[in-house]
Amino acid sequence: MENPFKKLSKPELYAVIGGTALVTGYALYRHHADTGSWSPFATGSSAAATGPAGAASTSGTVTDTTTGQVYSDTAVDPITNLTYASEIANYGSVATADSEFASAYGTGASTGGVEPQSFATGYTSNLASVGTSSISGNNVYTSNSAWSQAVTAGLTDVGYDGPTVSAALGSFLTGTPLTTAQVTIVNTAIAEYGPPPEGNIQVIQQPVAKPSTTPAPAAKATSGPVPDVVGESAAAAAAHLKARGFGNSRGVAANDIIVATDPKAGTVAKYGTIVKIIPGKNKLPQSQSQ
């Protein structure tokens, strides 16, 4: 029999080979997507019907024995496009399936555990709350502890500080009043992962201290003008100076009339300054000097 490819030119031969490889690759990919296995003998029906190592699951759900996470048996993992039941049956766990899928296709899937939709590029959250379970995408949390762990892992993946998130969630779950920053973290967690499944826990914020409206006391003056005591008796001048915060030089008869001071009247000086009182020749009668 004559070789049918002998008469083909090189470009035509390359096109035939490339087309054949493309069709074969697509058929292999669809087989893996339908069965969850690269084995040519695997079937989708047998993979979805059994659980890992014979583990029993509640009707309508399947349990990942590695993490204890419960999934709907018909829910599809957006990373592999396989049902979770198929992943657990063929790979042993969801994380293993995601890891192998990432190795085969070069995706950015997380391999450290089940972290709901935080690692799926372009994946849109579909949150809901049913009974005592908090549902995030295809993942169900039946305890506040599981919810908190998933939230901490998910928010850490997108740039939050893990210990800070953990502390905020711990305060929230125990009813401790939260700081403004912690309120933001908790509200983000609820928006992305739904409310915690146990109890109707409210977000309580710490009271914000209001700025004081009491004006600060005015600074006490430390200096002032020397009063005018010219024409007063020495006794009256001394009393006048003391009342204004100044001392006097003394040594002057009480009824002497003051004709000048040093510093002069009106000069600004520190309080406590001794002002020299200078008497003239005139005197007041003793009865008028007080």
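Give the long-range amide H neighbours of Val140: residues separated by 5 or more places, or on another chain, with amide H under 5 Å away, using H modelled in the peptide plane at 1.01 Å from N.
Val70
What are the trypsin sites (Lys or Arg not before Pro) within region 211-290 that DSSP puts in a loop, where the Cβ has at most 12 other Cβ atoms within 10 Å?
Within region 211-290, the qualifying trypsin sites (Lys or Arg not before Pro) (loop, at most 12 other Cβ atoms within 10 Å) are Lys220, Arg250, Lys264.
Could you pull out every residue, at least 5 positions away or on a different chain, whose amide H is within less than 5 Å of the one on Ile274? Hs are placed 1.01 Å off N in the peptide plane, and Pro or chain starts have none.
Those lying under 5 Å, H to H, from Ile274 are Gly247.
Read phi for every residue in region 144-157 and hand back ³J(HN,Hα) as whole Hz from Karplus 6.51 cos²θ - 1.76 cosθ + 1.60, θ = phi - 60°, with x for Gly and Pro.
Karplus-based 3J(HN,Hα) across region 144-157 equals 5, 5, 5, 4, 4, 5, 5, 5, 4, 5, x, 5, 5, 4 Hz.
Amide H of Leu178 versus every other amide H placed in the peptide plane: which residues, excluding those fewer than 5 positions away on the same chain, fall under 5 Å?
Excluding prolines and chain starts, which carry no amide H, the hits are Ile204, Gln205, Gln206.
No lab work stands behind these numbers, since they all come straight from the coordinates. Model, not experiment: these values are computed from the prediction. We place every Cβ from the backbone using ideal geometry, glycine too, and count neighbours over all the protein chains shown.
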